[in-house]
Amino acid sequence: MVDLVVNFDTLHQLYRAYMPFIKPAGLFIATSEGHYLGQPLTIAYRLPGATITNEFRGVVVWINPLGASGGRPVGIGIKIVSEPDSHKHHIEKLLSRRTGLRRSNLHYVGWPALLLRFEGYLGLNVT
């Protein structure tokens, strides 16, 4: 059973949602649904330009509640626990090819810095 479905319509959305500091891989999902740290979830997501939906099991490791300081978007950070290397590879390959960033540089983008640069709602389609 899938708990959340996320469609990354643009590379910009995917770049803002990717959390490379979560090891082995993580994604931020904008949602106002109530979740708790350690909660297991099954996530389905579609990458920009893709026609297929990928699915993984993950665990909530980050929560931005409504009214979080700094204008941070409401949502959760998910640590990918099922086949993390495969998901990480596909995400980083797409980001590096389309944005011109080297895959090794994606690991040094700090999530707090991204939050400061991209304040506000992530604009993801979550159902």
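Here are the numbers for the structure shown:
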read-out: Test: residue in the stretch 71-83 that is free of Cβ contacts under 8 Å to residues at least 12 places away in the same chain and over 15 Å from the mean Cα position of the chain (by Cα); value: no
read-out: Subset tally (residues that are touching a residue at least 24 places away in the same chain (Cβ under 8 Å) and either in a strand (DSSP E or B) or surrounded by 20 or more Cβ atoms within 10 Å (Cβ to Cβ) (or both)) for the stretch 48-60; value: 6
read-out: Test: residue in the stretch 81-97 that is part of a helix (DSSP H, G or I), among the hydrophobic types (A, V, I, L, M, F, W, C) and either at pLDDT 95 or above or more than 26 Å from M1 (Cα to Cα) (or both); value: yes
read-out: Output for the stretch 63-77, where each listed residue is surrounded by 16 or more Cβ atoms within 10 Å (Cβ to Cβ) and in a strand (DSSP E or B); value: N64, G75, I76, G77
read-out: In the stretch 4-47, the residues that are assigned to a loop (DSSP other than H, G, I, E, B), buried (at least 16 other Cβ atoms within 10 Å of the Cβ) and more than 13 Å from the chain's Cα centre (by Cα); value: H35
read-out: Residues located in the stretch 18-53, provided they are small (G, A, S) and at pLDDT 95 or above; value: G26, G38, A44
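The values are calculated or read from the model by the stated rules, or taken from the named source; none is laboratory data. Keep in mind that what you see is a predicted model, and the values were worked out from it rather than measured. Note that each Cβ is placed from the backbone with ideal geometry, even for glycine, and that neighbours are counted across all protein chains shown.
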